[in-house]
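Asks: Shown below is the structure under consideration.
The values are calculated or read from the model by the stated rules, or taken from the named source; none is laboratory data. Predicted model, so just to flag it, every value in this text is computed and none were measured. As a convention, Cβ positions derive from the backbone with ideal geometry for all residues, glycine included, and neighbour counts pool all protein chains shown.
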Amino acid sequence: MASDYILGTRDAELQRLRFQHELWRPQAEAAWSRAGLRRGMRVLDLGAGPGFAACELAQRVGSSGRVLALERSPRYVEAGRDEAERLKLPQLELRQHNLLNDPWPEERFDLAWCRWLAMFLSNLEPLLEGLDQCIAPGGQVLFHEYVHWDTFGLHPHGSAIERFGAACQRSFRETGGDPDVNRRLPSLLAARGWRIEALQPLPVLGAQGSMAAQWMERFVRVYGEQLQQLGIWSEADHGQALQEIAQAAHDPGSFWVGPTVMELRATRLQP
Ligand SMILES: C[S@@+](CC[C@H](N)C(=O)[O-])C[C@H]1O[C@@H](n2cnc3c(N)ncnc32)[C@H](O)[C@@H]1O
């Protein structure tokens, strides 16, 4: 079924998201703890993908809690529902929902979790309005979104990878997104009366063979193909990027740096 998600929803991308979640799980879990996530809470997961984080959130809130995961891709929603059923998590509901156009739920939540979603939105207003509507006063929103994409690179010999990073950023911007959206979110929330509780960088760096390195190599392989379909990355470019990855495998001193994520946590005050 068609999906507008620029990274695609093919199996390779679903598996990439699974691996990505594994890599970033410790940071997510630590962030949830800092936000005071506990049993019985009601959590909203925005742009939940195939529900990897949503399943864990559902385990953390337990059977007395509730997690509503909103996701545009029907394929991801279906995959997440299968997983929730397999893990016996009736407290988790995955709902197909376009956060830009569909009316937001009438329900109130204690916490909203939003990871790598805002960067794809062509308009942040529906997200901000939706949060005002769905988060109860005293409730929080937790974003893990990029703040500095330019840090992405393979060192010391990654000139094609550097061009690839620039092509990625271009693709996000050309489809209306903003790779560094977290530069804007704190002041947009503050202007709507939210109290900013925490801003913290979550850098990622990985030597050859590390999970972080594998994550970035996989991103180049999967997204490189997608970028070619979009016409902003050629077969020759892709070949050069893959060559640099192969070359780096022979240099035990080579390493990857990821685009820098920032954690943003804010509390909704009494309107
Ligand atoms: C990079 S994935 C992140 C998935 C998940 N949040 C995670 O951290 O693993 C971005 C997700 O946002 C979804 N998405 C993008 N635009 C959306 C929209 N307008 N409404 C709902 N979901 C959207 C995509 O379909 C995709 O599943």
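Asks: Looking at 38, 10, 42, which is the one that is farther than 16 Å from residue 115 by Cβ, touching a Leu at 6+ places or on another chain (Cβ under 8 Å) and among the charged types (D, E, K, R)?
Replies: On the way: 38 fails: touching a Leu at 6+ places or on another chain (Cβ under 8 Å); 10 fails: touching a Leu at 6+ places or on another chain (Cβ under 8 Å).
Going through 38, 10, 42 in turn, the sole match is 42.
Asks: I'd like to check something: does the stretch 192-199 contain any residue that is of a type in the set (Val, Ile, Thr), within 13 Å of the ligand (Cβ to nearest atom) and in contact (Cβ under 8 Å) with a residue 40 or more places away in the chain? Explain how you work it out, then say what you get.
Replies: Of the stretch 192-199, the ones of a type in the set (Val, Ile, Thr) are 196.
So of that shortlist, the ones also within 13 Å of the ligand (Cβ to nearest atom) come out as none.
Checking the stretch 192-199: not a single residue is of a type in the set (Val, Ile, Thr), within 13 Å of the ligand (Cβ to nearest atom) and in contact (Cβ under 8 Å) with a residue 40 or more places away in the chain.
Asks: Give the stretch 207-227 a look and list any residue that's over 19 Å from the mean Cα position of the chain (by Cα) and either over 18 Å from residue 166 (Cβ atoms) or loosely packed, with under 13 Cβ neighbours inside 10 Å (or both), or say none.
Replies: In the first step, residues of the stretch 207-227 are kept if they are over 19 Å from the mean Cα position of the chain (by Cα); the result is 207-210, 225.
207, 208, 209, 210, listed by residue number.
Asks: Another one. Tell me, yes or no, whether the stretch 20-38 has at least one residue that is at pLDDT below 95, more than 9 Å from the ligand (Cβ to nearest atom) and assigned to a loop (DSSP other than H, G, I, E, B).
Replies: No - not one qualifying residue is present in the stretch 20-38.
Asks: For the structure I just gave you, tell me whether residue 111 is more than 10 Å from the ligand (Cβ to nearest atom), in contact (Cβ under 8 Å) with a residue 24 or more places away in the chain and buried (at least 21 other Cβ atoms within 10 Å of the Cβ).
Replies: Details: more than 10 Å from the ligand (Cβ to nearest atom): yes; in contact (Cβ under 8 Å) with a residue 24 or more places away in the chain: yes; buried (at least 21 other Cβ atoms within 10 Å of the Cβ): yes.
Against the criterion (more than 10 Å from the ligand (Cβ to nearest atom), in contact (Cβ under 8 Å) with a residue 24 or more places away in the chain and buried (at least 21 other Cβ atoms within 10 Å of the Cβ)), residue 111 qualifies.
Asks: Tell me, which residue of the stretch 39-80 that is assigned to a loop (DSSP other than H, G, I, E, B) and charged (D, E, K, R) is farthest from the ligand (Cβ to nearest atom)? Before you say what the answer is, go through the steps one by one.
Replies: Keep residues of the stretch 39-80 that are assigned to a loop (DSSP other than H, G, I, E, B), which gives 39-41, 47-51, 62-65, 72-73.
Checking which are charged (D, E, K, R) leaves us with 39, 72.
On the way: 39: 22, 72: 3 Å.
It comes out as 39.
Asks: Does the stretch 118-147 hold any residues that are outside any helix (DSSP H, G or I) and in contact with a helix residue (DSSP H, G or I) (Cβ under 8 Å, 6 or more places away or on another chain), and which are they? Outline the logic, then answer.
Replies: First, the residues of the stretch 118-147 that are outside any helix (DSSP H, G or I): 121-124, 135-147.
If the condition is that a residue be outside any helix (DSSP H, G or I) and in contact with a helix residue (DSSP H, G or I) (Cβ under 8 Å, 6 or more places away or on another chain), then 121, 124, 141, 142, 143, 144, 145, 146, 147 are the ones that fit.
Asks: Name the residues in the stretch 26-51 that are surrounded by fewer than 22 Cβ atoms within 10 Å (Cβ to Cβ) and not aliphatic (A, V, I, L, M), would you?
Replies: Scanning the stretch 26-51 gives 26, 27, 29, 32, 33, 34, 36, 38, 39, 40, 42.
Asks: On the basis of being away from the ligand (no atom under 12 Å from the Cβ) and either on the phi > 0 side of the Ramachandran plot or touching an Asp or Glu at 6+ places or on another chain (Cβ under 7 Å) (or both), does residue 155 make the cut? Steps first, answer last, please.
Replies: Values: away from the ligand (no atom under 12 Å from the Cβ): yes; either on the phi > 0 side of the Ramachandran plot or touching an Asp or Glu at 6+ places or on another chain (Cβ under 7 Å) (or both): no.
The answer is no for residue 155.
Asks: Scanning for something buried (at least 20 other Cβ atoms within 10 Å of the Cβ) and touching a residue at least 60 places away in the same chain (Cβ under 8 Å), does the stretch 92-100 turn up at least one residue?
Replies: no
Asks: Across the stretch 149-174, which residue is farthest from residue 216 (Cα to Cα) among those that are out of contact with any helix residue (DSSP H, G or I) (no Cβ under 8 Å at 6 or more places or on another chain) and either without any contact (Cβ under 8 Å) to a residue 40 or more places away in the chain or in a strand (DSSP E or B) (or both)?
Replies: Filtering the stretch 149-174 for residues that are out of contact with any helix residue (DSSP H, G or I) (no Cβ under 8 Å at 6 or more places or on another chain) and either without any contact (Cβ under 8 Å) to a residue 40 or more places away in the chain or in a strand (DSSP E or B) (or both), the one farthest from residue 216 (Cα to Cα) comes out as 173.
Asks: While we're looking at this one, here's another question. Tell me, which residue of the stretch 228-239 that is surrounded by 17 or more Cβ atoms within 10 Å (Cβ to Cβ) and in contact (Cβ under 8 Å) with a residue 40 or more places away in the chain is nearest to residue 170 (Cα to Cα)?
Replies: Here is the first cut: in the stretch 228-239, the residues surrounded by 17 or more Cβ atoms within 10 Å (Cβ to Cβ) are 233, 237-238.
Applying the additional criterion that residues be in contact (Cβ under 8 Å) with a residue 40 or more places away in the chain yields 233, 237.
Working: 233: 11, 237: 15 Å.
Selected residue: 233.
Asks: Given (1) free of Cβ contacts under 8 Å to residues at least 40 places away in the same chain; (2) of a type in the set (A, V, I, L, M, F, W, C); (3) within 11 Å of the ligand (Cβ to nearest atom), identify the lone condition not met by residue 118.
Replies: (1)
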